[in-house]
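Only one structure is covered here, and it is reproduced in the block below.
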Amino acid sequence: MNGDAKKEIYREALRELDAVLAGIDDPITAMSTCAAVLHQRLPYASWTGFYRVAAPRLLRAGPYQGPLGCLEISFDRGVCGAAARAGTAQIVPDVNAFPGHIACDAAARSEIVIPIRDPQGMLVAVLDVDSHQLAAFDEFDRDGLERVAERLRSCLGGKAVFYKEPPPAA
Ligand code: SME
């Protein structure tokens, strides 16, 4: 897909996210909304979603769209770990040539991973998009996904809320 077509996809995705994320400060709501919007709009995406920093140097699956992903990834492993360690976007045109790539989906051929930071600048997650096409991702995806990460940042100041509603009286 050419750069102009990608720019248009990300422009529309950001327009949609701006509209639906206004006032949202629940990270699960915000991340699942981003995963859905991106996965629907990127025709070359096979898996789109987040790994959260759940403990020191440990990523754990967050909201995603696509087939079953790994549940936990250490910072020492995979493209997601590399992005978390370096704190910078990683574009991998051929995952089979990437040492330590974690093959959750045997059909995955390329991927991009973007660090996600909260309003204080702390790393709280990575955004991973995988494709069954070789070299599906380029600088247009990095730019578009970094804009999404920037949009998401203001939604990540709050806590994921599970209000504990008591069961109905018997
Ligand atoms: N391929 C990733 C692992 C996560 S998934 O494929 C969903 C990696 O190497 O970090």
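Could you pull out the residue among G100, G81 that is closer than 23 Å to A54 by Cα, assigned to a loop (DSSP other than H, G, I, E, B) and of a type in the set (G, A, S)?
Numbers: G81 fails: assigned to a loop (DSSP other than H, G, I, E, B).
None of the others qualify; the one that does is G100.
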Checklist entry - Which of the residues spanning region 84-113 are small (G, A, S), more than 7 Å from the ligand (Cβ to nearest atom), open to solvent by less than 50 Å² (accessible area, probe 1.4 Å) and within 24 Å of Q40 (Cα to Cα)? => result A89, A107, S110
Item to check | Of the criteria (1) open to solvent by less than 50 Å² (accessible area, probe 1.4 Å); (2) over 21 Å from S46 (Cβ atoms), which one D128 fails | outcome: (2)
Next on the checklist: Residue under question is C80, and the condition is that it be open to solvent by 20 Å² or more (accessible area, probe 1.4 Å), within 15 Å of the ligand (Cβ to nearest atom) and over 23 Å from K7 (Cα atoms); does it hold?
Outcome noted: no
Item to check | Subset of region 140-154 [of a type outside the set (K, R) and touching a residue at least 24 places away in the same chain (Cβ under 8 Å)] | outcome: F140, D141, D143, G144, L145, E146, V148, A149, L152, S154
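Name the residue, out of V20, V37, that is open to solvent by less than 20 Å² (accessible area, probe 1.4 Å), modelled with pLDDT of 95 or more, of a type in the set (A, V, I, L, M) and more than 20 Å from R109 (Cβ to Cβ).
Result: V37 is the single residue among V20, V37 that is open to solvent by less than 20 Å² (accessible area, probe 1.4 Å), modelled with pLDDT of 95 or more, of a type in the set (A, V, I, L, M) and more than 20 Å from R109 (Cβ to Cβ).
The values are calculated or read from the model by the stated rules, or taken from the named source; none is laboratory data. Quick caveat, the model's predicted, so the values are computed rather than measured. In this analysis, Cβ positions are derived from the backbone assuming ideal geometry, glycine residues included, and neighbour counts consider all displayed protein chains. Ligands, DNA and RNA are excluded from the accessible area calculation, which covers all protein heavy atoms including side chains. Shrake-Rupley method; radii C 1.70, N 1.55, O 1.52, S 1.80 Å.
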